[in-house]
Amino acid sequence: MATAKRARTRRHGRAVLLVGFMGAGKSTAGRALAERLECAFEDLDERIARREGRTVPEIFRDSGEAHFRRGERAALREVLDELGAGAEKVVALGGGAFGQLANLRLIEASGVPTLFLDAPVEELWRRCRGQAEAQGERRPLLKSLNEFRELYQARRPRYLKASHRLETGGKEIEELVAEMVEVLDWDRHRRRPSG
């Protein structure tokens, strides 16, 4: 079910920030949405990694969370400046980015719409475990379902501050993308063929 808080959202062309817990589908759905809209997709964590010249796990391991969050805020500022200048882009934020008060303030001040992709915590757990196993990764947050659930429940109130919310549980990507376009009211902003 989609919910919207349109009063807080200003138009920024076709730009949206996808927020939610790990495994919610931000990157997968974001890429599919960007493809449908013929605009760019960006994962904020990938921008941070490029800026740092190392992976996100390496940043956390070698420099700590505080260093990562500073880099995240700087990368977010860059993205918001680009969107404010008219860039059309779908941007997936890392699971903890929207939970940082400084980031939330930057996002709210920008007026760029935010879309919270949500799913039952057990489904998020299954998706994350499956992805980690498929990639041969060991992720610290996947040690315990109870710890995973506690972190999800701690972050969820911030996610609910997003402009819109969509449930991703049990949905095919095409259905989810159609719902994203509908809730963001982008059908009427679709590009018309030239010629």
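A few comments on the model shown:
- Rel. contact order, % - alpha carbon contacts under 8 angstrom, at least six apart, the chain: 37 percent
- The ellipsoid equivalent to the alpha-carbon distribution of the range 68-122 has semi-axes of 20, 14, 10 angstrom, derived from the gyration tensor eigenvalues as √(5λ) and listed largest first.
- Spatially near lysine pairs across the chain, Cα under 17 Å, sequence gap of 8 or more or different chains: 4
- Accessible carbon and sulfur surface of the chain relative to its total accessible area, %, 1.4 Å: 48 percent
- Amide H partners (placed H, <5 Å) of D43, local residues excluded: A92
- Between L115, L151, L76, the residue with the greatest mean-square fluctuation in the GNM of the chain (Cα pairs under 10 Å linked by springs) is L151.
- Computed over the range 36-95, Cα set: Rg, Dmax in Å: 12.4, 38
- Rh by Kirkwood over Cα pairs, then Stokes-Einstein D for the chain at 0.692 mPa s and 37 °C, µm²/s: 191 µm²/s
- Choice from A32, A134, A15 with maximal GNM fluctuation in the chain (Cα, 10 Å cutoff): A134
- Mean-square fluctuations from a GNM of the chain, with a 10 angstrom spring cutoff on Cα atoms, peak among F41, F21, F116 at F41.
The values are calculated or read from the model by the stated rules, or taken from the named source; none is laboratory data. The model shown is predicted, which means the values in this text are computed figures rather than measured ones. Accessible surface areas use protein heavy atoms only, side chains included; no ligands, DNA or RNA. Shrake-Rupley method; radii C 1.70, N 1.55, O 1.52, S 1.80 Å.
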